[in-house]
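A short write-up of the structure that comes next.
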Amino acid sequence: MSDERFASTVTTTCGYCGVGCRLEAHVRDDRVASISPALDGPANEGHTCLKGRFAHQFSRRRDRLATPLIRDARGGELRRASWEEALERIASELGRIRAAHGPDAIAGLASSRATNEDCYAMQRLMRAAIGTNNIDNCSRVCHSPTSYALRRSLGLSGATGSFADFDHADATILIGANPTEGHPVVGARIKQATLRGMKLVTIDPRRIELADYGVLHLAPRPGTNAAIMLGIAHVLERDGFVNRAFIDERTDGWDAFAELLPAYAPEAVARIAAVPAADLERAAHVYGEAADACISWGLGVTEHKYGSEVAQLICDVALMTGKIGRPGSALLPLRGQNNVQGSSDMGALPDTYTAYRSVTDEAVARSFEDAWGVPLSRREGWTIPQMFDAAVAGELRAMYIFGEDVAQTDPNTAHVVHAMESLDFLVVQEIFENETTKYADVILPASSFLEKGGTFTNAERRVQLVAPAIDPPGEARTDFEIIALVSRALGHELPWATPADAMDEIAVLTPDWAGISHARLGRRGLQWPVAPDGTDAPILYEREFSRPGGRAHFAALPYKAPGDAADEQFPLILVTGRRLQHYNAGTMTRRTGNVELMDADVLEIHPDDAARLWISNGDRISVRSRVGRIELPAQVTDHIEPGHVFTTFHFPETRTNLLIGASADVNTSCPEYKVVAVDVRPLGEEPARTPALASGT
Amino acid sequence: MSAPPLTVTVTVDGAPVEVPAGATVLDAARAAGSWVPTLCFDERQAPFGACRACLVGVEGAAAPLPACTTPCRDGMVIDTEDPAGRRVAHAVVELVLSELPQPPAAHTELAQVAQRLGVGAPRWPGETHAPAPADTRHPYLAFQHELCISCGRCVRACDEVQGTFALTATGRGFDANIAAGLDEGFRDSACVACGACADSCPTDAITEVSLLALTSAADATNGGPA
């Protein structure tokens, strides 16, 4: 249908969250005039949200980075530079540091906001052009525990089904996720499923919107998810919901897991998690009695000290009931960013090449050496938090960061800033100046998702085409072009003319991606693993698991207390998260009309706590943790339990992540953003004058 | 658990078409590539059957039937260009247009349906929706109440696609319209600004604020719709 208002319309994939909505971007006068949902988008089915549909004006904002910028001395002023000068500076500095300190003194970050091809190019640059496995991406700080757990328990690092499984499920447990704000189109889909009769159990310290559409809401103490899942498993076992045939035929490790369960009777879990025993029993029954049921989770599961263990316990619950590997029975982690799945799939990780194959695997490493024509390191690199530690310790001298504002979004901001300041040389590739570019020696102007081609992989493992609707502004270039330029300047030519060529190399070197090519993806994409003939996999594990012997593994993991706990000095527990109107650091959404709908971070606090602390709605208050302090307005609401407070990290003026300490997931070093003991009080009241009160829980 | 998919075969404009059991006559017509005018239909929503623009002839039926709500029966013979059905559709669209103070913009579904049916300027001048300035209090979503044809698509988009239930039909006769919440506007209602209503609206009664200027500019270059 032609539309006289627009010069052109391009079908692409949304660059905000991991739902992967297919969008029609309508262009006029070289800017995006409007965005509408593609009716045939498999994940969004003709729907999209406030961010995907409307928050696109950032792309033509005047403060977009449009030329390379250079600082002649650390801490000096930025000045405009040509691409030649910027690339020359990068090549000479990185060359000097590599010669003096070795390749492992340099680290790179790929971006979960960027395409698969960008991330693949970046990890090849770090591995082949620099010679180090010091490459990571921001999935480290969100869903690395999910990835770890799914691989350990089931085999593959991805959702076992698709969002369509919500349409076929009789029940769903939603834990540690707030999809109507974080993943609005999936939130709408879950809501519609409940209106058709799907029984929804929500588990979250906050009374999220979907709780009103469910049959039951559990509000556990932050950090006690493991006890909740073990309690549900206890009741499932006690009340006869165990699928013995499935366990015998398709799993191992059941006995060790079953031995744990007697300790997690509902009454015991009630004491740990502050959830009524009867509710726990009912939750288990809703799940157990359903013919088909899904479990879906978000960062409320992963961003904990034992997040990767809780994700494994979620797998255990699905395995013990056999609710996996068929329509309507799926494990559906809600991956955060648009390409958090793909950036990790692409090997932008310090320990793995594409599709999670270890850098220490000789055969895999050789296949990449043969393809790239250079020797490759067998030594695992640093994760993001380890990079910051190494920078402060003087072992890491240079970083090349693209598409991640670590100084705003990573935990323990003061430490991150110290790390940035400790580096000899920092390259940042970005679309706007941000907190991290303040420490950059070279800033490379990059492209947003509306200006580039390639693919994103959504939370259903669906690889979908991204197509440029408009050109990058000024002298900005696509990330794919920039990484190729930097790699060439470093002496390693990336041999691809287009992102499609890079995908062809990925397909050759990655068995699970063998059947993927841009030509084949079409309008609906393909869900990996994709066989050479192009057959994809909407449902995993229909017959066997992708582990040795084809059997899934029960992880026998007891509940352990979180890394932080409320005490006399810090009596409230802070949980951080996201709101509908903004996206993570807000770099994009704060430059759109969305700020008219929400223009500041606020601290949600229960009326009882607020009254006790003499805090009224809208008061500016002080929030202090063991590592930092911020000020922001209070929002008094009973959507949160007494003893807990909640805020977001969308606005740099708030700097919420100053509050987050170094506690992290024991297996993946994903930070514990979700459990921080804090002291909250009206602004100006000194701690000595207002002794902290014990929390109400 | 689910039974194997069953299909039925119908004839649309002389050609046989196989469709899944439960498909509507409109589904079959679209599968056959035949055009059926619609105003209140949106494939993302349950059929509503309100506007009567989609009347088609069905062999053996006493009168034309609404394609969007009539299920296919095996062996059904459908004529999408049934003269009686088309006469009704023409009259429906003409009546709808006659209530608007200005013709709908060329890109809108209503304008396109009218053009394809050959409906020109309505023969019934007289009372229309009262012209009113666009309500642009929301950063993205604009109301142009005068263009509302009460098809209910925005309300159903909010209910059935998004699930926010922020919109409601209000008023009667020439006052019939749409309200966000208790008519406090999008911004102060429960609206989550997903835009599903604007996406479904066939007249731009709900549209994007930033498109308002483009629409008038584009219409001016086209000399405006007839």
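Structure summary
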quantity	calculated
Verdict on B:LEU55 being surrounded by fewer than 20 Cβ atoms within 10 Å (Cβ to Cβ), over 25 Å from B:GLN162 (Cβ atoms) and not assigned by TED's automatic domain parsing to the domain that holds B:THR203	no
Yes/no for B:THR38 being of a type in the set (Ser, Thr, Tyr), within 14 Å of another protein chain (Cβ to nearest Cβ) and under 30 Å from B:ASP175 (Cβ atoms)	yes
Residues being more than 19 Å from B:ALA105 (Cα to Cα), of a type outside the set (Asp, Glu) and within 14 Å of chain A (Cβ to nearest Cβ) - total across segment B:141-171	9
Test result for A:GLY550, touching a residue at least 24 places away in the same chain (Cβ under 8 Å), loosely packed, with under 15 Cβ neighbours inside 10 Å and not assigned by TED's automatic domain parsing to the domain that holds A:GLU84	yes
Residue list for segment A:62-71, restricted to those being over 26 Å from the mean Cα position of the chain (by Cα) and either touching a residue at least 60 places away in the same chain (Cβ under 8 Å) or surrounded by 19 or more Cβ atoms within 10 Å (Cβ to Cβ) (or both)	A:ASP63, A:ALA66, A:THR67, A:PRO68, A:LEU69, A:ILE70, A:ARG71
Identity of the residue in segment A:34-46, within 10 Å of chain B (Cβ to nearest Cβ) and surrounded by fewer than 21 Cβ atoms within 10 Å (Cβ to Cβ), that ends up nearest to B:SER210 (Cα to Cα)	A:SER36
Residues being of a type outside the set (Gly, Ala, Ser), within 11 Å of another protein chain (Cβ to nearest Cβ) and either under 13 Å from A:ASP165 (Cα atoms) or free of Cβ contacts under 8 Å to residues at least 24 places away in the same chain (or both) - total across segment A:182-191	3
Single unsatisfied condition, A:ILE482 versus (1) surrounded by 23 or more Cβ atoms within 10 Å (Cβ to Cβ); (2) touching a helix residue (DSSP H, G or I) at 6+ places or on another chain (Cβ under 8 Å); (3) aliphatic (A, V, I, L, M)	(2)
From B:ASP199, B:ASP183, B:ASP188, residue being at pLDDT below 90 and either over 18 Å from the mean Cα position of the chain (by Cα) or not aromatic (Phe, Trp, Tyr) (or both)	B:ASP183
Segment A:265-296, residues that are in contact with a Phe, Trp or Tyr (Cβ under 7 Å, 6 or more places away or on another chain), more than 14 Å from every other protein chain (Cβ to nearest Cβ) and over 15 Å from A:ALA227 (Cα atoms)	A:GLY288, A:CYS294
All positions within segment B:179-198 that are away from chain A (no Cβ under 14 Å) and surrounded by fewer than 16 Cβ atoms within 10 Å (Cβ to Cβ)	B:LEU182, B:ASP183, B:GLU184
Filtered residue count, segment A:163-181, keeping only those that are buried (at least 24 other Cβ atoms within 10 Å of the Cβ) and either small (Gly, Ala, Ser) or without any contact (Cβ under 8 Å) to a residue 60 or more places away in the chain (or both)	4
Any chance B:ALA176 is more than 9 Å from chain A (Cβ to nearest Cβ), closer than 26 Å to A:PRO179 by Cβ and without any contact (Cβ under 8 Å) to a residue 40 or more places away in the chain	no
Residue tally, condition out of contact with any His (no Cβ under 9 Å at 6 or more places or on another chain) and farther than 20 Å from A:TYR148 by Cα, over segment A:374-386	4
Scope segment B:87-114; condition part of a helix (DSSP H, G or I) and in contact (Cβ under 8 Å) with a residue 60 or more places away in the chain; matching residues	B:GLU109, B:LEU110, B:ALA111, B:VAL113
Matching option when the condition is outside the structural domain of A:THR13 (by TED's automatic domain parsing), out of contact with any strand residue (DSSP E or B) (no Cβ under 8 Å at 6 or more places or on another chain) and surrounded by 24 or more Cβ atoms within 10 Å (Cβ to Cβ), among A:ALA91, A:ALA129, A:ALA110, A:ALA99	A:ALA129
Residues of segment A:297-329 satisfying the condition of being away from chain B (no Cβ under 14 Å), in contact with a Pro (Cβ under 9 Å, 6 or more places away or on another chain) and assigned to a loop (DSSP other than H, G, I, E, B)	A:GLY298, A:GLU303, A:HIS304, A:LYS305, A:TYR306
Hits in segment A:48-71 (condition: outside any strand (DSSP E or B), touching an Asp or Glu at 6+ places or on another chain (Cβ under 9 Å), of a type outside the set (Gly, Ala, Ser) and more than 14 Å from chain B (Cβ to nearest Cβ))	A:ASP63, A:LEU65, A:THR67, A:PRO68
Which listed residue is among the aliphatic types (A, V, I, L, M) and farther than 23 Å from A:ALA114 by Cβ, from A:ALA355, A:ALA414, A:ALA419, A:ALA407	A:ALA414
Matching helices (runs of 4 or more DSSP H) fully within segment A:330-393 where at least 3 residues are out of contact with any Phe, Trp or Tyr (no Cβ under 9 Å at 6 or more places or on another chain)	A:362-372, A:384-393
Breaking point among (1) surrounded by fewer than 19 Cβ atoms within 10 Å (Cβ to Cβ); (2) part of a loop (DSSP other than H, G, I, E, B); (3) modelled with pLDDT of 95 or more, for B:ALA84	(2)
Tally of residues being among the β-branched types (Val, Ile, Thr) and surrounded by 23 or more Cβ atoms within 10 Å (Cβ to Cβ) across segment A:10-31	3
Residues (more than 10 Å from chain A (Cβ to nearest Cβ) and buried (at least 19 other Cβ atoms within 10 Å of the Cβ)) located in segment B:128-140	B:HIS129
Any hit, segment A:564-574, residues being outside the structural domain of A:LEU230 (by TED's automatic domain parsing) and free of Cβ contacts under 8 Å to residues at least 40 places away in the same chain	no
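The rows are residues; the columns are (1) outside the structural domain of A:VAL186 (by TED's automatic domain parsing); (2) modelled with pLDDT under 95; (3) aromatic (Phe, Trp, Tyr); (4) under 27 Å from A:ARG578 (Cβ atoms).
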residue: A:GLU259; (1), (2), (3), (4): no, no, no, no
residue: A:TYR264; (1), (2), (3), (4): no, no, yes, no
residue: A:HIS285; (1), (2), (3), (4): no, no, no, no
residue: A:ALA290; (1), (2), (3), (4): no, no, no, no
residue: A:ALA293; (1), (2), (3), (4): no, no, no, yes
residue: A:TRP297; (1), (2), (3), (4): no, no, yes, yes
residue: A:LYS305; (1), (2), (3), (4): no, yes, no, yes
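The values are calculated or read from the model by the stated rules, or taken from the named source; none is laboratory data. Because the structure is predicted, anything quoted here is derived from the model rather than measured. Every residue, glycine among them, receives a Cβ derived from its backbone with ideal geometry; neighbour counts consider all protein chains shown.
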